[in-house]
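The values are calculated or read from the model by the stated rules, or taken from the named source; none is laboratory data. This structure is a prediction, so every number in the text was calculated from the model and none was measured. Cβ sites come from the backbone with ideal geometry, for glycine too, and all protein chains shown count toward neighbours.
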Amino acid sequence: MFVRPSKLIALVAALLFGVAPIYGNPQRVVSLNLCTDQLLMLLADADQIASLSKIATDPRTSPMAQRAQEFPINSGDAEEIFMQAPDLVLAGTYTEQGTVQMLRSLGIAVEIFAPEQNFDDIRQNIARMGQLLGNPQRADTMLRDFEGRLAQLTNGITQRPRAALYSANGYTTGAETMAGHILSAAGFDNIATEAGISWGGTLPLETLVMLQPDLVITGSTYPGHSRSEEILRHPALTPLKSITQTGAKWVCGTPAVLDAVADLQRAHPDKGAK
Amino acid sequence: MRLFPILSILLMLLFCASLLVGHTTASIGDSLSALITGDGPLGTVMQDIRLPRAILAVLVGGTLGLAGAAMQGYLRNPLAEPGLIGISGAASLGAVLSLQTGFAGLFWLALPLSALGMSVLAVLGILVLAGRQGRSLSLILAGIAISALSGAMTSLVLNLSPNPYATAEIVFWMMGSLSDRSFDHVWIALPFCIIGGAMVLSLGPALNALSLGEDTAATMGIHLARTRLTLVIGVAAMIGATTAVAGAVGFVGLVIPHILRRWVGARPSTLMGASALGGAVMILAADLLVRLVLPDRDLKLGVVMAILGAPLFLHLIYKTRADLS
């Protein structure tokens, strides 16, 4: 566990003088959050990445699980992060606050990213990550590709079937959320809006059946049994058309959401579905 | 004696009310015609969501009332109740074990059979520990031990489950709920309820004789060992099957025979039939309350039953405290 002397001096200096972090071209970046993991992998040079969060390699939540295996993994523990001597730490709004405070008090620059709720948040976070990593032109390229693909996906949609995002315990996701925007971009109207739900909430099975959506989109279920997930196999849902979507692409606001949009469009009548 | 007609009419009224109350508002005429034809979304709601729920309420309540009256008659102790003495808790444990290990998915009777197996163990344990005389103190102590153990094991199994939702379901298995149950659940529970119910009801004459004491009953030609075995298997079958689909609902088997006893006299055979009807009425009413008071919160059936049942239970303890000391 060696720390380069120059780094050590910088750290001591930071501790002594509370030096403001110098960005521009950070060389050892640590990410503590699944979503910043992905933006980091997308926008940084491989040798800029010091470590990623421990769920970065879980294929159920991370669309870049394969790629993440090339990098060291951290446990999110302040002591461990400090010993990796990062010059930039990326965290999410819901990262353990104690860890963030501890790292900041040790003079390490910590940048907090809020979870993306819509496509504008994605654009802003990509641009911000590019700035922080000293790779703004790479972010610009990614943004251009993103806009181009989004335009191509949304092009040619004339009808908007009514769909419901339905998960365990009868929980539905409204139009204001990232999942809601993915659904909308794929060319569907969200049935939660008709039920008066804009963020998320319980949609009783009876209400769902009475609203008669053209499509029910359920998440994949976990191993083991739960009564919460039994609702997704209830016979009352059988007359409705339903598809299962896996979660990883839906979790974070990265260009991977466009893959989720494309997957959904396989069930859209304007995009080739019968 | 007007008790049976009154209970039957109440049962039918509440059954209809149960079919007509839900998140969807529709006129009574539309609802009933949709129930028969099954046409359109309202037909799906009536036939696939509300009808199985109402039927399960009758099954759960009826079997709990019947099992409570039978246990109380056999042990000659008004505190013998499936929930209180751990039979329901053991059935929950059996159901949870078979669901989490995947055994329940092997064949359609696997789930109720696992719950039944654990409840047989619990009933046998109670009978051994409490003795044939069914003295109150040892009965309650044995029941507390079995309840606590099975509750703790249920929590442990759910905590160890790879499914992130499983832990949140501890409360379902301990409190019971009928929300969003389907006909799949009715078909799982129904055969066991019918067989168990018939076995227990057939014990009427034996239990009547037993109310005079075991020696007297034996001289009247009652086969004690056979009576005991029939009771154990019958009660375990009913409680196991209903708990496997609706969780453990407490207090019904305790409160219902207690309320009805004054109307039917002390004859266990009459009390069993009345308690089955009364239990069904009570669960139907409680499940209606669940849906009317907090429709969006999936209020647990056991919570409502405990709120209604606990005061009656305290009253019962107050009245019998001389025997307990």
Worksheet entry | Among (1) crowded, with 20+ Cβ neighbours inside 10 Å; (2) under 19 Å from A:R123 (Cβ atoms) - the single one A:Y166 does not satisfy | (2)
Practice prompt. Report whether or not B:L51 is within 14 Å of another protein chain (Cβ to nearest Cβ), farther than 24 Å from B:I144 by Cα, in contact (Cβ under 8 Å) with a residue 12 or more places away in the chain and not small (G, A, S).
Written response: yes
Worksheet, complete the sentence: Of the residues in the stretch B:63-80, those that are over 11 Å from the mean Cα position of the chain (by Cα), surrounded by 24 or more Cβ atoms within 10 Å (Cβ to Cβ) and not aliphatic (A, V, I, L, M) come to B:Q72, B:G73, B:Y74
Worksheet item: Just wondering, is there one or more residues in the stretch A:149-163 that are more than 8 Å from chain B (Cβ to nearest Cβ), in contact with a helix residue (DSSP H, G or I) (Cβ under 9 Å, 6 or more places away or on another chain), closer than 30 Å to A:I126 by Cβ and crowded, with 22+ Cβ neighbours inside 10 Å?
Response: yes
Response to the item:
Exactly one of A:E206, A:E194, A:E176 is more than 18 Å from A:Q265 (Cβ to Cβ), among the charged types (D, E, K, R) and buried (at least 21 other Cβ atoms within 10 Å of the Cβ), and that one is A:E206
Practice prompt. Please indicate, with yes or no, whether at least one residue in the stretch A:134-149 is part of a loop (DSSP other than H, G, I, E, B) and either at pLDDT below 95 or assigned by TED's automatic domain parsing to the domain that holds A:G180 (or both).
Written response: yes
Item to complete: Restrict the check to the stretch A:225-240 and report whether at least one residue is β-branched (V, I, T), surrounded by fewer than 18 Cβ atoms within 10 Å (Cβ to Cβ) and under 27 Å from A:D120 (Cα atoms).
Response: no
Practice prompt. From the list A:D259, A:D263, pick out the single residue that is under 24 Å from A:Q212 (Cα atoms), among the charged types (D, E, K, R) and at pLDDT 90 or above.
Written response: A:D263
Worksheet item: Are any residues in the stretch B:22-45 within 10 Å of another protein chain (Cβ to nearest Cβ) and over 17 Å from A:P235 (Cα atoms), and if so, which ones?
Response: B:G22, B:H23, B:T24, B:T25, B:A26
Worksheet item: Do you know which residues across the stretch A:247-266 are touching a Lys or Arg at 6+ places or on another chain (Cβ under 9 Å) and without any contact (Cβ under 8 Å) to a residue 60 or more places away in the chain?
Response: A:D263
Item to complete: Select the helices (runs of 4 or more DSSP H) contained entirely in the stretch B:149-261, then report the ones holding at least 3 residues which are without any contact (Cβ under 8 Å) to a residue 60 or more places away in the chain.
Response: B:183-201, B:214-219, B:224-246
Worksheet item: Going by the conditions given, is A:T177 among the β-branched types (V, I, T) and either modelled with pLDDT of 95 or more or in contact with a Leu (Cβ under 8 Å, 6 or more places away or on another chain) (or both)?
Response: no
Worksheet item: Listed residues B:L158, B:L178, B:L129; which is over 28 Å from B:A280 (Cβ atoms), within 14 Å of another protein chain (Cβ to nearest Cβ) and either surrounded by 15 or more Cβ atoms within 10 Å (Cβ to Cβ) or acidic (D, E) (or both)?
Response: B:L158
Practice prompt. Taking only the stretch B:81-109 into account, find how many residues are part of a helix (DSSP H, G or I) and surrounded by fewer than 18 Cβ atoms within 10 Å (Cβ to Cβ).
Written response: 3
Discussion item. Given the criteria within 14 Å of B:S179 (Cα to Cα), of a type outside the set (F, W, Y) and at pLDDT 90 or above, does B:A54 qualify?
Written reply: yes
Discussion item. Would you confirm whether or not the stretch B:90-112 contains a residue that is without any contact (Cβ under 8 Å) to a residue 60 or more places away in the chain and more than 14 Å from chain A (Cβ to nearest Cβ)?
Written reply: yes
Worksheet item: Only one of (1) under 26 Å from A:D145 (Cβ atoms); (2) out of contact with any Gly (no Cβ under 7 Å at 6 or more places or on another chain); (3) at pLDDT below 95 fails for A:N74. Which number is that?
Response: (1)
Item to complete: Go through (1) closer than 18 Å to B:P191 by Cα; (2) in contact (Cβ under 8 Å) with a residue 40 or more places away in the chain; (3) surrounded by fewer than 23 Cβ atoms within 10 Å (Cβ to Cβ) one by one and return the number of the condition B:V60 breaks.
Response: (3)
Fill in: Breaking point among (1) surrounded by 15 or more Cβ atoms within 10 Å (Cβ to Cβ); (2) within 11 Å of chain A (Cβ to nearest Cβ), for B:T167
(1)
Practice prompt. Return the residue satisfying two criteria in turn: it lies in the stretch A:180-239 and is under 21 Å from the mean Cα position of the chain (by Cα), among the hydroxyl-bearing types (S, T, Y) and at the interface with another protein chain (Cβ under 9 Å from one of its Cβ atoms), and of such residues it is farthest from A:D58 (Cα to Cα).
Written response: A:T221
Worksheet item: Does B:E81 meet the test of being among the charged types (D, E, K, R) and within 14 Å of chain A (Cβ to nearest Cβ)?
Response: no
Worksheet entry | Which listed residue is over 15 Å from the mean Cα position of the chain (by Cα) and at pLDDT 90 or above, from B:G117, B:G131 | B:G117
